[in-house]
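Derivation of every value follows stated rules applied to the coordinates shown; laboratory data play no part. In this text, all values refer to a predicted model and were calculated from it rather than measured experimentally.
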Amino acid sequence: MKTYQSISAFTAAAFAALAIGALPAPAFAYLTPAPCDKITGSGTIELADGGTATFAATGGCKNGSFWGSVSFVDLATGATFSSTEISGYLWDPADPTAREICGLAVNNVGEDVFFRARLVDKGEPGKNDAFGIAVDNRVTSGERFYILPAVQLEAGNVKVHRTNRSNSIDPALAGMTEFQVCGDLSSPQPQ
């Protein structure tokens, strides 16, 4: 797992555009948790078409920055995503058991992609927990998006861990909007 000490290029560009007024600043409900915590999870999910996928994820705030790692494998199609940078960690006020991790990843064909993963901790032993992911390859033609709305785990566990001293976040990062850390990629909430 990597700790990132700077804002991603994507996040920095979005922030700069907002600062000069090039983009509207939409209001969103998702926030960086205060105090910040962390989430971990791994497991297997059944896809709508009957296929299976696996994931492993961790995210949160650590030593002043966003931190984490997300990997996902769709066993039916061979689609894979592995994070290279974490640009945001969000709490859903409508569901206090849910956290979302945003960032950059590389897919199985070597493309850089944006992602937004949703993890839900519904208690132990994890049988009601959920995972979902939305990925944007930034290409305007063809198959641009891979979207898996959050679904209940077949096996595995998701766990929100209480805050501790290392879960600090720089106030400048904590004050960033959902758009600044996740772009226009929507939450992969259940349908």
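Hey, any idea what Rg/Rh is for region 43-126, computing Rh the Kirkwood way over Cα pairs? Walk me through the intermediate numbers first.
Numbers: Rg = 13.6 Å, Rh = 13.7 Å.
In region 43-126, Rg relative to Rh is 0.99.
Compute and list, largest first, the equivalent-ellipsoid semi-axes of region 89-175 from the alpha carbon gyration tensor, each √(5λ) rounded to a whole angstrom. Before the final figure, lay out each step's value.
Details: eigenvalues 131, 76, 24 Å².
Calculated on Cα positions only, the semi-axes equal 26, 20, 11 Å.
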